[in-house]
Amino acid sequence: MHRIDVGLAERSYPIHIGRQLFTSLPTLLTDLPGQLCIITNATIAAHYLKPLQAALPESATVIVHEIADGEHAKSISSYGEIMDALIAASFNRDCAILALGGGVVGDLAGFVAATFQRGVDFYQLPTTLLAQVDSSVGGKNAINHPGGKNLIGAFYQPRAVVISTDCLTTLTTRDYACGLAEVVKYGIIYDAQFFAWLEQNAAALNAREPEALAYAICRSCEIKAEIVAADEREQGQRALLNLGHTFGHAIEAEYYTSWHHGEAVAAGTVVAAQYMLQHDELTSADYQRILALLQTFGLPVRAPQLTEAKWQQRMQRDKKVQAGRLRFILPTRIGHAELRTVTDWPGVWQAIRAVTETTR
Ligand SMILES: NC(=O)c1ccc[n+]([C@@H]2O[C@H](COP(=O)([O-])OP(=O)(O)OC[C@H]3O[C@@H](n4cnc5c(N)ncnc54)[C@H](O)[C@@H]3O)[C@@H](O)[C@H]2O)c1
Ligand SMILES: [Zn+2]
């Protein structure tokens, strides 16, 4: 078992990583309160709810709230239903929220925890690779609004994150690949050695070999923990975690039924790399390595067809836009990326066109 600490002074917390970890909950989480609300969905509950419930203190009052499966469940109405359930069950300020699921469950549950009774204890039990390497760590949470993704949310740190890597055996190939997109991101923005390790261990990761997986998850969490500890509220370095995301969010917004988050991020990363390649700020060798690794993990490296107006409109709505100027995370080499303000729209459009698929 591995432990990584997210250093945020009095709000510091541990990330526990290992196999069959839910059975170890009584020793890992010794100060759980007497009222517990598990938020999950039916897909995840079918595999992991019973083991989780069996590990919780017998004396605790436990309620389970299942939301629908899918991004659309990260909604104001799900949020309202959970609040209704907590209030109907007379949960008080000493309760705790347990998020058992992927990024959708984790983001929604985190926002519930941040706001119920002005904030109650919160534990992340991530079950997708994406949630294990990214969304469960760092305290960002949100729900969607019809006007856009993640528009309502808070920064609110969990008390602990418990990552049971064997959960990943039941994940679809597609959802598993989506998590790998965020893993590749850490290599590009922060750690060239890790990127090289990913290249060398790609086959083992595709086969979900436990040892390779454990290392990839630990290193990803370490990097995310370092970045979050240095810049919790995204005033600077934390923005690097958004590599590929401004482009990706535009794709997700237009194609939310057919593109998943990790896939959109992969294609968005290629756009960002292509922009730097065209400006001679990224070598062709590094560009090709980025492309090849994403492809090896079964991720898309071409953006879907979207009109120039749609790209512009979607990206203008991104949270990283400042005073109408686009800000992108752009890789200068494998292991390093920078936040840049870009005024050269024709250059951006040229990069997008260069990596847009010709047929769908
Ligand atoms: N808060 C953050 O910092 C942050 C970072 C990245 C992404 N996100 C958010 O995360 C969300 C995407 O998360 P996701 O990719 O985990 O999607 P998800 O939560 O929708 O999970 C993907 C699918 O896998 C299923 N599933 C979950 N665990 C499973 C398991 N162990 N076995 C089988 N099936 C399982 C789910 O039911 C779902 O159908 C997006 O809403 C995104 O905005 C948040
Ligand atoms: Zn992401």
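Out of the residues in segment 239-251 that are more than 10 Å from ligand 2 (Cβ to nearest atom) and not aliphatic (A, V, I, L, M), which is surrounded by the most Cβ atoms within 10 Å (Cβ to Cβ)?
Phe247
Looking at Ala266, Ala272, Ala337, Ala292 in this structure, which one is in contact with an Asp or Glu (Cβ under 9 Å, 6 or more places away or on another chain) and within 30 Å of Arg208 (Cα to Cα)?
Every option except Ala292 fails the conditions.
I'm checking my understanding of the structure. Among residues of segment 64-94 that are more than 18 Å from Asp175 (Cβ to Cβ) and surrounded by 17 or more Cβ atoms within 10 Å (Cβ to Cβ), which one is farthest from the chain's Cα centre (by Cα)?
Phe91
Give the residue, chosen from Glu252, Glu222, Glu199, Glu263, that is at pLDDT 95 or above, within 12 Å of ligand 1 (Cβ to nearest atom) and in a helix (DSSP H, G or I).
After applying the criteria, what remains is Glu263.
As an exercise: evaluate Asp175 against (1) more than 16 Å from ligand 2 (Cβ to nearest atom); (2) out of contact with any Phe, Trp or Tyr (no Cβ under 7 Å at 6 or more places or on another chain); (3) in contact (Cβ under 8 Å) with a residue 60 or more places away in the chain and give the number of the one condition it does not meet.
All conditions are met except number (1).
Scan segment 55-63 and tell me whether some residue there is buried (at least 20 other Cβ atoms within 10 Å of the Cβ) and not aromatic (Phe, Trp, Tyr).
No, because not a single residue in segment 55-63 is buried (at least 20 other Cβ atoms within 10 Å of the Cβ) and not aromatic (Phe, Trp, Tyr).
Answer yes or no: is there a residue in segment 115-127 that is under 18 Å from Val162 (Cβ atoms), surrounded by 20 or more Cβ atoms within 10 Å (Cβ to Cβ) and within 16 Å of ligand 2 (Cβ to nearest atom).
Yes, the conditions are met somewhere in segment 115-127.
Name the residue, out of Gly147, Gly138, that is within 17 Å of Ser220 (Cβ to Cβ) and outside the structural domain of Ser220 (by TED's automatic domain parsing).
The match here is Gly138.
Out of the residues in segment 239-249 that are within 18 Å of Glu308 (Cα to Cα) and within 13 Å of ligand 1 (Cβ to nearest atom), state the one that is modelled with the lowest pLDDT.
Here the answer is His249.
Taking the stated definitions as given, is Thr115 modelled with pLDDT of 95 or more, under 19 Å from the mean Cα position of the chain (by Cα) and of a type in the set (Ser, Thr, Tyr)?
Spelling it out, it is not the case that Thr115 is modelled with pLDDT of 95 or more, under 19 Å from the mean Cα position of the chain (by Cα) and of a type in the set (Ser, Thr, Tyr).
Just checking, how many residues over segment 152-172 are among the hydroxyl-bearing types (Ser, Thr, Tyr) and within 16 Å of ligand 2 (Cβ to nearest atom)?
Final tally of qualifying residues: 0.
The values are calculated or read from the model by the stated rules, or taken from the named source; none is laboratory data. Source: prediction; values computed, not measured. Every residue, glycine among them, receives a Cβ derived from its backbone with ideal geometry; neighbour counts consider all protein chains shown.
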